[in-house]
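The next block holds one structure in the form of structure tokens; read it before the comments.
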Amino acid sequence: MGTKTVDETGVKTDMHKTTDEATGTAESTEAAEATEAAATAEKTDRAESDTDGTGTPEDSDVTDETDGTDVTGAGPTGVGQGAGAVVSAALGIVSLTGSWVGTVASARESLMGQLQTSSSSDVGTLIEKGYGNAWQATAMWGGLFALVALVVGVVVLARPAFGAPGRPQAPWIKSVAWAGVALGVIGLLLAVLKYTDVLLGLPSTG
């Protein structure tokens, strides 16, 4: 009986030792896992810090190249088209209101008419030489300005078809160009009518 009790006590003692060893092993495993998790978190923080910062040289080069490409692909700004539209509208207005070139040409024709006639000339000849030719000269120069305004306006409106695709023309450029075209058509029509004496012809002397 005594020997069995000792044996049971000894077995119990061994069981306590085994439990302690298992507990120590589990604690060591948990400590190792905690250390490994801390190291992984530190590496992750460093990677995120590098990403938020300046980055690697390769990343910097790629960014620089992309920025340069964006600047280069900006394309035309439409300044030339806007200037052409304004010029077209201005020439259209000049064709209707008159220019100093037309005024000088009209005065020159009037002077030449006076030199080519005399006091003995009939009234019809005096009117035609003194006024008719001068008015026709004014109409001719007005028609030339109108024609140039029409051509410039059409070129500005047609320019986007031959430029960079996908870049629409500014609305104000279209509006001003269309105004130049309209003024050019009106001025050219009036010039032709005046030059042929259909509009504001010479008075009859009969």
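The values are calculated or read from the model by the stated rules, or taken from the named source; none is laboratory data. Please read these numbers as outputs of a predicted model, since none were measured by experiment. A quick note on method: Cβ atoms are made from the backbone with ideal geometry, for glycine too, and the neighbour counts reach across all protein chains shown. What goes into the accessible areas is simple: the full protein's heavy atoms, side chains included, and nothing from ligands, DNA or RNA. Shrake-Rupley method; radii C 1.70, N 1.55, O 1.52, S 1.80 Å.
Scanning for something over 13 Å from SER88 (Cα atoms), crowded, with 16+ Cβ neighbours inside 10 Å and among the aromatic types (Phe, Trp, Tyr), does the stretch 194-202 turn up at least one residue? For the stretch 194-202, residues over 13 Å from SER88 (Cα atoms), crowded, with 16+ Cβ neighbours inside 10 Å and among the aromatic types (Phe, Trp, Tyr): present.
Listed here are the residues, each with its yes/no results for (1) modelled with pLDDT of 55 or more; (2) open to solvent by less than 50 Å² (accessible area, probe 1.4 Å).
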| site | (1), (2) |
| --- | --- |
| GLY68 | no, yes |
| THR72 | no, no |
| GLN114 | yes, no |
| VAL123 | yes, no |
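When residues in the stretch 81-112 are screened for being open to solvent by 60 Å² or more (accessible area, probe 1.4 Å) and closer than 16 Å to ILE173 by Cα, 2 of them pass.
Applying the set (1) farther than 30 Å from SER110 by Cβ; (2) open to solvent by 30 Å² or more (accessible area, probe 1.4 Å) to VAL181 leaves exactly one unmet item: (2).
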